[in-house]
């Protein structure tokens, strides 16, 4: 009888691991979206000082602006993405620590007219007091997903 309980418990644990793996595999695109194209930010652009443009492969342009400046931790940020040359179905901005996992921090921004997408976000505080962040603008069109990573420092 003890063997049967032990065997049933082992099978239940294996089943739970398989279910967890399947759910993780299906949810991974939400956490780590794959981009069809990657845009390039204008060299030397500093989001702490101004909006930064980026060229998209195959034409098109985006610009990311985050205010207030300098960009603070733990305060509401106004994030604006301006898009031209492509027709987005959805615009998101994902904030991630470059060298430290700071959790899931992605927001979808609604259209505000004239190719602008505006919303709010906040950066969690880092225990080190400073952090290099990557704000990845993710644009989904009817045919592709475009990602543009912007790097900036907070608290330096």
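Limited to the stretch 95-115, what total is found for residues that are surrounded by fewer than 16 Cβ atoms within 10 Å (Cβ to Cβ) and either outside the structural domain of residue 66 (by TED's automatic domain parsing) or closer than 24 Å to residue 44 by Cβ (or both)?
Total satisfying the criteria: 2.
Among the residues of the stretch 134-156, write down those that are without any contact (Cβ under 8 Å) to a residue 60 or more places away in the chain and farther than 26 Å from residue 58 by Cβ.
Scanning the stretch 134-156 gives a single hit, 156.
The values are calculated or read from the model by the stated rules, or taken from the named source; none is laboratory data. Just so it is clear, the model here is predicted, and its values are computed rather than measured. Every residue, glycine as well, gets a Cβ built from its backbone with ideal geometry; the counts of neighbours run over all protein chains shown.
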